[in-house]
Amino acid sequence: MNVQSLGYRTDLIFSRFEGEVTDRGDYLVVQTPSNPTYYWGNYLLFAQPPQVGDYARWREQFIKEIGPNPPVKHMVFGIDGTQGEIGEAAPFLEAGFEADPSIILTAQTVHQPSKWNDRVSVRALESEADWDQNLAVQIVCFQDDHEPASYRVYAERSQNNYRAMIAAGLGQWFGAFEGDVLTASLGLFVQDGVGRFQAVVTHPDYRRRGICGRLVYDVARLGLTHMGADVLVMAADPEYHAARIYESIGFVPAERQIGFQWVDKSLLSTTES
């Protein structure tokens, strides 16, 4: 299967490093055995949007390829394409799946954003203390949408994988520091001249101060001048303000990406019933 989407194509950089990608002709099986609760690390990527009758067929293929052994409490389907075509989506949505859209932005040059924070310094993470802070920031930013204990396990496994990729010379993780305090962080990994950003986060206590724009700009420049990237790729929620921050630096929308996701709701609960 020849993947057309730049978003999914760069997602596979990480899937192939950490896990397994199997080509079935009209779909790819993406698996991360070391991180089975990673929804978008264990999914099927189809070449075409769903057609009439595909809901049952896709479910059967997911169960055959990824579940129930090991047991999974999610079901995720990616759709290759550049315009976000959803096809016959109604059966998925009626069964409790959610559409998961992203906008894929690219840049070959960048400029300093108008909102600029000069109190922080941007550098690569260096010490175990830096990485401990990074894990804490990732968790505080994302765990409200997940069961806390399982999300911590996922976050720890993901960070370990990123560190292994860094050790292999594929990229680097950067932070914006105010003194010794990590306020925001992100990863940038480069393959064949394409640089893909990962997990851009800002601690809630430091948002709306121009830190994210400063961090992305500084790292983008490093990617284009010192890390071998000819083009930079960023995925963002089309309804979230982060896309506007990236556009203020010079990123432009290039593609629309879509997928369908179902998750056992008990995994999203942070309180006991």
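The values are calculated or read from the model by the stated rules, or taken from the named source; none is laboratory data. Given the structure is predicted, the values throughout are model-derived calculations rather than measurements. Note that each Cβ is placed from the backbone with ideal geometry, even for glycine, and that neighbours are counted across all protein chains shown. Just the protein is used for accessible areas: all its heavy atoms, side chains included, with ligands, DNA and RNA removed. Shrake-Rupley method; radii C 1.70, N 1.55, O 1.52, S 1.80 Å.
Can you tell me the dipole magnitude for the chain around its Cα centre, using point charges on the Cβ only (Lys, Arg +1; Asp, Glu -1), in Debye to the nearest 20? If you can, show how the numbers build up before the last one.
Numbers: 22 positive and 35 negative charges, 98 e Å.
I would put it at about 480 debye.
Quick query: amide H of Arg123 versus all other amide H atoms, modeled in the peptide plane; which residues come in under 5 Å with a sequence gap of 5 or more or a different chain?
Gly175, Phe177
Just going by the charge dipole of the chain, with Lys and Arg at +1 and Asp and Glu at -1 on Cβ, which of Leu93, Ala136, Ile245 is farthest out on the positive end?
Ile245
May I ask what percent, to the nearest 5, of DSSP beta bridges between residues of the stretch 91-241 are antiparallel?
Values: 24 of 27 bridges.
So the antiparallel bridges amount to about 90 percent of the total.
Taking the chain as the reference, fit the longest principal axis to its C-alpha atoms, fit the long axis of helix 211-226 to the helix C-alpha atoms, and give the angle between the two in degrees, 0 to 90, nearest 10.
Once rounded, one gets 90 degrees.
Roughly to the nearest percent, how much of the accessible area of the stretch 1-147 is carbon and sulfur, given a 1.4 Å probe? Intermediate values should be presented prior to the final figure.
Numbers: 3530 of 7410 Å².
Ligands and nucleic acids excluded, carbon and sulfur give 48 percent.
Ordered by residue, what ³J(HN,Hα) values in Hz, to whole numbers, does the stretch 161-167 give under the Karplus form 6.51 cos²θ - 1.76 cosθ + 1.60, where θ = phi - 60° and Gly and Pro are x?
Once θ is set to phi - 60°, the couplings for the stretch 161-167 become 5, 4, 5, 5, 5, 5, 4 Hz.
Magnitude of the Cβ-charge dipole of the stretch 123-184, K/R +1 and D/E -1, about the Cα centre, nearest 20 debye?
Values: 4 positive and 10 negative charges, 55 e Å.
Using Cβ point charges on Lys, Arg, Asp and Glu, the stretch 123-184 gives about 260 debye.
Please give the helix 128-142 orientation as an angle from the longest Cα principal axis of the chain, in degrees from 0 to 90, rounded to the nearest 10.
Taking the Cα atoms of the chain, the angle to 128-142 is about 50 degrees.
Normalising by the residue count of the chain, find the relative contact order in percent from Cα pairs under 8 Å and 6+ residues apart. Let's see the in-between values first.
Values: 484 pairs, mean separation 72.9, N = 273.
Once divided by the residue count of the chain, the mean separation gives 27 percent.
Hey, what number do you get for the chain at 222 nm if only DSSP H runs of n ≥ 4 count, each worth -39500 (n - 2.57), divided across all residues, to the nearest 500? Mind showing how you got there, number by number?
Numbers: 7 runs with 87 residues, N = 273.
The per-residue figure over the chain is -10000 deg cm²/dmol.
Given 37 °C and 0.692 mPa s, how large is the Stokes-Einstein diffusion coefficient of the chain in µm²/s, with Rh as the Kirkwood radius over Cα pairs? Spell out each step's value before the answer.
Numbers: Rh = 19.4 Å.
The calculation lands on 169 µm²/s.
For the stretch 96-190, what class follows from the C-alpha gyration tensor (a ≥ b ≥ c being the square roots of its eigenvalues): rounded when a/c is under 1.5, otherwise prolate if a/b is larger than b/c, else oblate? Walk me through the numbers on the way to the answer.
Values: a/c = 1.44, a/b = 1.17, b/c = 1.23.
Here the stretch 96-190 falls in the rounded category.
Across 5 Å bins from 0, what is the distribution of all Cα-Cα pair distances for the stretch 1-140, in whole percents?
Computed distribution, short to long bins: 2, 8, 15, 17, 17, 14, 9, 8, 6, 3, 1, 0.
On a 0 to 90 degree scale, rounded to 10, what angle separates helix 6-18 from the longest Cα axis of the chain?
Tilt relative to the chain: about 90 degrees.
What is the local net charge at Gln172, summed over the other residues whose Cβ is closer than 11 Å to its Cβ (Lys, Arg +1; Asp, Glu -1)? Numbers along the way, then the final one.
Details: positive: Arg123, Arg163; negative: Glu126.
Its environment carries a net charge of +1.
The stretch 1-74: percent of C-alpha pairs farther apart than 14 Å? Could the numbers behind the result be given before it?
Details: 1626 of 2701 pairs.
When all Cα pairs of the stretch 1-74 are counted, 60 percent exceed 14 Å.
Specify the inter-centroid distance of the stretch 200-257 and the stretch 1-57, based on alpha-carbon positions, in whole Å.
When both Cα centres are located, 25 Å separates them.
Using a Förster distance of 22 Å, how high is the FRET efficiency between Gln51 and Val21, based on the Cβ-Cβ distance and rounded to 0.05? Walk me through the numbers on the way to the answer.
Numbers: r = 24 Å, r/R0 = 1.08.
Taking R0 as 22 Å, the efficiency between Gln51 and Val21 is 0.40.
Within the stretch 1-64, report the trypsin sites (Lys or Arg not before Pro) that DSSP leaves as loop and that have at most 14 other Cβ atoms within 10 Å. Numbers along the way, then the final one.
Details: sites: Arg9, Arg16, Arg24, Arg57, Arg59, Lys64; in loops: Arg24.
Answer in residue order: Arg24.
Relative contact order for the stretch 127-273: what percent, with Cα pairs under 8 Å and sequence separation of 6 or more?
On the way: 161 pairs, mean separation 33.9, N = 147.
It comes to 23 percent, rounded to a whole number.
List, in order, the whole-Hz ³J(HN,Hα) value for each residue of the stretch 78-94 obtained from phi through the Karplus relation with A = 6.51, B = -1.76, C = 1.60 and θ = phi - 60°; use x for Gly and Pro.
Coupling constants for the stretch 78-94: x, 10, 5, x, 10, 10, x, 5, 10, x, 7, 7, 3, x, 5, 5, 5 Hz.
In the P(r) worked out for the stretch 111-270, what percent of Cα pairs fall beyond 28 Å? Let's see the in-between values first.
Numbers: 2644 of 12720 pairs.
Distances greater than 28 Å cover 21 percent of the Cα pairs.
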